[in-house]
Amino acid sequence: MVIKYELIKEDPRTKARLGKITTPHGTFETPVFMAVGTQATVKTLVKEDLEAIGSNIILGNTYHLWCQPGNDIVREAGGLHKFTNWDKSILTDSGGFQVFSLAKLRGDIKEEGVTFKNHKNGKSMFLSPEISMKIQNDLGSDIMMCFDECPPYPASYEYMKNSTERTIRWAKRCLESHARKDEQGLFGIIQGGVYPDLRKHCCEELTKLPFDGFSIGGLSVGEPKEMQNEVLDYTTPLLPKDKPRYLMGVGSPGAILDAVERGVDMFDCVLPTRIARHGTAMTHSGRLIIKNKKYERDFTPLDSKCDCYCCKNFTKAYLHHLFKADEMLVYRLLSIHNINYLLRLTEGIRNAIREDRFLEFKEEVYKEYGLNDNDKDF
């Protein structure tokens, strides 16, 4: 296995676990939040920003990098690490999520792969398990994702059964076409929708195969929060204890805490940088919208408990001014802050598991945030 996972400790009252992942470019503890660098950059940030807040792994998007600048150019540059000057771990998705959102009709999905239109120029494109593996091999990420079918929500049992079987077949094709097995790890993706027997079947089939870890797919796509938790309740116990578990597309504090409680190790989401560009900060006491007039003369930091560059150096009044003046600096400062918030949250989770107080920590976060389990923003 290229990717090594060490289970350090399990929480005695939940399925939460403290672990350590080693990739060809570094070691980091889990649970971990991974910032998303869709087009080979975490929007508005440079390497030094990410290092200063303790980021050890970031993401790249296979579909977008395939379109621009092209995987061949990234390969010629020496791979994503050299191309971006990032010497720590990188994970790439398969491109599937974007491709399926661009495939206007489900009829575009065939056993061979998916036909869709380029979101920029409208040209017809085709992506298959083999092509996804080739692109990711060229990108040179530490952790690659299998190309799976991303089913719609909701979907009928019959549709989901056929989709899950296709995902299993595609996973085997991904393994067969993975050309750099000694240099890059590959995760299988568990599908099955909200149907326990299909999730179980997918787990049973994929865990027979030599994957470095497993992603839980088909969640965070519009289903109610309680349904996501229910799927995790019966899915994570079916996954190997000696391999990492990754829930894709989750970045709100409450969803992370809920998933950790159910045994998930890895998370990613565009949320912290996306809401930063809309002037929203994630703070210990809840979301803060910096453009609101009440911050015009507020000369206190965004978050008194935050140690990030933004909070140590600037006030709400200054950030309010930057946003109203349409100055780009505010997007960078809020992105630094929001990613730092999630990294500190997962750091707190790890320490709580280490000290057998995860549930107490979760309760503290909820209470401080001023929200509850049913709040959609949490």
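The values are calculated or read from the model by the stated rules, or taken from the named source; none is laboratory data. Being a predicted model, the structure only gives us computed values, none of them experimental. As a convention, Cβ positions derive from the backbone with ideal geometry for all residues, glycine included, and neighbour counts pool all protein chains shown. When the accessible area is computed, the model is the full protein with side chains, heavy atoms only, and any ligands, DNA or RNA have been set aside. Shrake-Rupley method; radii C 1.70, N 1.55, O 1.52, S 1.80 Å.
List the longest stretch of the chain that has no exposed loop site; here a site is one of the GluC sites (Glu not before Pro) assigned by DSSP to anything other than H, G, I, E or B, with at most 16 other Cβ within 10 Å.
In short, 184-295.
Along the Cα-to-Cβ line of residue 1, 7 Å from the Cα, sits a label point; which residues in region 170-205 have backbone N less than 20 Å from it?
Counting only backbone N, you get 171-172, 174-176, 178-191, 202-205.
Per 0.36 nm of contour for each residue apart, how much would the distance between residue 87 and residue 117 grow if the chain were fully extended, relative to their Cα-Cα spacing?
In short, 7.4 nm is gained.
For helix 225-235, what angle does its Cα long axis make with the longest principal axis of the chain, in degrees from 0 to 90 and rounded to 10?
With both axes taken from Cα atoms, the answer is about 50 degrees.
With just the Cα atoms defining each centre, how far is region 148-171 from region 56-99? Give it in Å.
Using only Cα atoms to place each centre, the spacing works out to 26 Å.
With everything on Cα atoms, drop me the angle between helix 329-354 and the longest principal axis of the chain, reported from 0 to 90° to the nearest 10.
That helix lies at roughly 70 degrees to the long axis.
How far, in degrees from 0 to 90, does helix 358-369 lean away from the longest principal axis of the Cα atoms of the chain, to the nearest 10?
50
If r is the Cβ-Cβ distance from residue 200 to residue 277 and R0 is 41 Å, what FRET efficiency results, to the nearest 0.05?
FRET efficiency, residue 200 to residue 277: 0.55.
Can you compute the helix-only [θ] at 222 nm over the chain? Use -39500 (n - 2.57) per DSSP H run of at least 4 residues, normalise by all residues, nearest 500 deg cm²/dmol.
For the chain, the value works out to -12000 deg cm²/dmol.
What accessible area, in Å² to the nearest ten, does a 1.4 Å probe give for residue 366?
Accessible area of residue 366: about 30 Å².
For residue 368 and residue 297, compute 0.36 nm times the residue count separating them, minus their Cα-Cα distance, and round to one decimal in nm.
Full extension from residue 368 to residue 297 adds 23.1 nm.
Can you tell which of 50, 25, 155 lies farthest toward the positive end of the dipole of the chain, using +1 and -1 charges on the Cβ of basic and acidic side chains (Lys, Arg; Asp, Glu)?
50
Share of the chain's accessible area from carbon and sulfur, percent, 1.4 Å?
Carbon and sulfur together cover 51 percent of it.
Using a 1.4 angstrom probe, figure out how much accessible area region 188-343 has per residue, in square angstrom, rounded to the nearest whole.
39
Just check region 105-155 against the gyration tensor rule for me: Cα atoms, a ≥ b ≥ c as the square roots of the eigenvalues, rounded for a/c under 1.5, and otherwise prolate or oblate depending on whether a/b exceeds b/c.
oblate
Filter 134/172; 225/324; 47/172; 134/200; 110/161; 134/208 down to the pairs with a C-alpha to C-alpha distance above 26 Å, please.
With Cα atoms farther than 26 Å apart: 225/324; 47/172; 134/200.
Are there cysteines in the chain with no other Cys C-beta under 4.7 Å, and if so, which?
Cys with no partner Cβ under 4.7 Å: 67, 150, 202, 203, 269, 308, 310.
I'd like the trypsin sites (Lys or Arg not before Pro) in region 60-135 restricted to DSSP loop residues with at most 10 other Cβ atoms within 10 Å, sorted by number.
Those that pass, being in a loop and sparsely packed, are 104, 120, 123.
Given contacts defined as C-alpha pairs under 8 Å and at least six residues apart, what's the relative contact order of the chain, whole-number percent?
Relative CO of the chain lands at 18 percent.
For residue 328, what accessible surface area do you get with a 1.4 Å probe? Give it in Å², rounded to 10.
Accessible area of residue 328: about 150 Å².
Return the distance in nm (one decimal) between the two label points of a simple spin-label model at residue 321 and residue 179, each offset 7 Å from Cα along Cα→Cβ.
5.4
Multiply the residue gap between residue 285 and residue 307 by 0.36 nm, knock off their C-alpha separation, and tell me the result in nm, one decimal place.
Length gained, residue 285 through residue 307: 6.4 nm.
Considering the dipole of region 52-131 built from charges on the beta carbon (Lys and Arg +1, Asp and Glu -1) around the Cα centre, which of 83, 60, 125 is farthest to its positive end?
So the residue furthest toward the plus end is 125.
State the answer as a single residue: which of 215, 259, 71 lies farthest towards the positive end of the charge dipole of the chain, with beta carbon charges of +1 for Lys and Arg and -1 for Asp and Glu, about the Cα centre.
Positive-most Cα among the choices belongs to 71.
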